[in-house]
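Pasting in a structure now, in structure tokens, and then I'll have a few things to ask.
The values are calculated or read from the model by the stated rules, or taken from the named source; none is laboratory data. All values derive from a computational prediction rather than experimental measurement. Cβ atoms come from the backbone with ideal geometry, glycine included; neighbour counts cover every protein chain shown.
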Amino acid sequence: MSSRSIPLRIAPILFAALCAAGAVHAQGSAVAPTPTQLKPAVDQAYTQLLAAPNIKQLLDAVQADHDRSIDDLKLLTEIEAPPFKEQKRAEAFLARLKALGLTDARIDSEGNVIGLRKGSGNGPKLMISAHLDTVFPAGTDVKVKERDGKLYAPGISDDTRGLAVLLSWLKVLNDNKIQTVGDLLFVGNVGEEELGNLRGMKAIFRDHLDIDGMVGVEPAPEGNVLVLGTASHRYEVTFKGPGGHSYAAFGQVPSAIHGMGRAIARIADIKTPSFPKTTFTVGTVGGGTSVNTIAPDARMAVDIRSDDMGALLDTEKKVLAAIDEAVAEENKRWNVTTLSASTRLIGDRPGGRTPADSVIVEAAVRSNAAFGHKTLLSGASTDANVPMSLGIPAIIVGGGGKTGGFHALSEWIDVTEGWRGAQNGLVTVLGLVGVQGVSEPLLAKRPPRVK
């Protein structure tokens, strides 16, 4: 197979072999087996797409646009976008969308960049997205540096590469005058990282009730398709006591830090199921005023995650009970009632999953096979959590290139032949929305949701 050609039809035995990989959660637990028998309509749609001369030309255009898209990648990476401070990058992304043809694109009230590329009519509306924010605080050096064939910069792969891929897709679709049947909603969203709490996605699905599906672009190995959204709850816990001198008040007042320590020890002993994978951690602690003071205050942050909402809620109940029991134990130790603890929910990321036999997953599997990749179904906590929690078909796919060092200052991407991943993702998208005169949409229109 040449560097530009895509097989028009895959023999059944070869196709099954390409799809035969099992499914493993990104952090280790099983998700679902990859489908080996696809719906006939899915195979037919992609056979038609990949045989069409205008689609072959479109894929050649993705490759030809690669160098220019890397310029977009560098430009956007070097605009810092800490959580809750994504505006400058949003403005730059908006300007690029408009320059490439989405003249009505805008920034919404939450800070998301949104632009609609209309289809020919009566087709589904598919959202294609990448997140604007990174985990890095303001003031981080985000200058792109190149060495040994790799580009290094905080946030360059997670998820600035996704933004650049969306811009490339828009350019080649417009340059080649490809008319999709369904609508494509281009989105650069805020609030994916840290305590952003998926606020961007929550706002989009609150305000746009007619979205029929979502394909998000994030760093992922070739063939990886994320179909499960890991739910999480995060708490800030504050312990308060009267405080006092470490010697003079000893035996009279409880310590907020000691109470917190008891809570941490109890939390550490909680048992969780390995399947569905369910985890917890006390991620940060703080408090006290001096080494010779019985601490009047202490605080900690707790993260609880699970692939199943029921298991998450069960673990959450145990964590909160451990905090109450620890406070009671510390008060009893000194025969007082002056220590208290309060909890505040600071993170609520809903969970869900897209069934392995759904059209959107089978579309990605078929596209992967066409590009010679085995499909691995996986899970994590991403923007797709929100639509999944609402029952809206959603997946995350890679944008091409090899990546590493996520969330570290040494984050990198090797974009050598990264256009292949961009081609693969675009073919997945086109099968879902259909191309006028080539194929009908695979993604079904859903009844509009009600607020």
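List the number of the failed condition for Val438; all other conditions in (1) surrounded by fewer than 24 Cβ atoms within 10 Å (Cβ to Cβ); (2) modelled with pLDDT of 95 or more; (3) farther than 18 Å from Asn122 by Cβ hold.
The one condition Val438 does not meet is (3).
Could you please give the count of residues in the stretch 286-306 that are out of contact with any strand residue (DSSP E or B) (no Cβ under 6 Å at 6 or more places or on another chain) and under 30 Å from Val31 (Cβ atoms)?
Going through the stretch 286-306, the residues out of contact with any strand residue (DSSP E or B) (no Cβ under 6 Å at 6 or more places or on another chain) turn out to be 288-293, 296.
This time we only want the ones that are under 30 Å from Val31 (Cβ atoms), so: none.
Matching residues across the stretch 286-306 total 0.
Only one residue in Leu50, Leu76 is buried (at least 17 other Cβ atoms within 10 Å of the Cβ), assigned to a helix (DSSP H, G or I) and within 21 Å of the chain's Cα centre (by Cα), so which one is that?
Leu76
Which one of these is surrounded by 21 or more Cβ atoms within 10 Å (Cβ to Cβ), modelled with pLDDT of 95 or more and more than 36 Å from the chain's Cα centre (by Cα): Val327, Val291? Show your work before the answer.
Numbers: Val291 fails: surrounded by 21 or more Cβ atoms within 10 Å (Cβ to Cβ).
The unique qualifying residue is Val327.
Also, quick follow-up: Could you say which residue among Gly347, Gly404 is of a type in the set (Gly, Ala, Ser), over 24 Å from Ala164 (Cα atoms) and surrounded by fewer than 24 Cβ atoms within 10 Å (Cβ to Cβ)?
Working: Gly404 fails: over 24 Å from Ala164 (Cα atoms).
Going through Gly347, Gly404 in turn, the sole match is Gly347.
If you go through the stretch 137-152 one residue at a time, do you hit one that is crowded, with 24+ Cβ neighbours inside 10 Å, more than 17 Å from Lys402 (Cβ to Cβ) and not aliphatic (A, V, I, L, M)?
no
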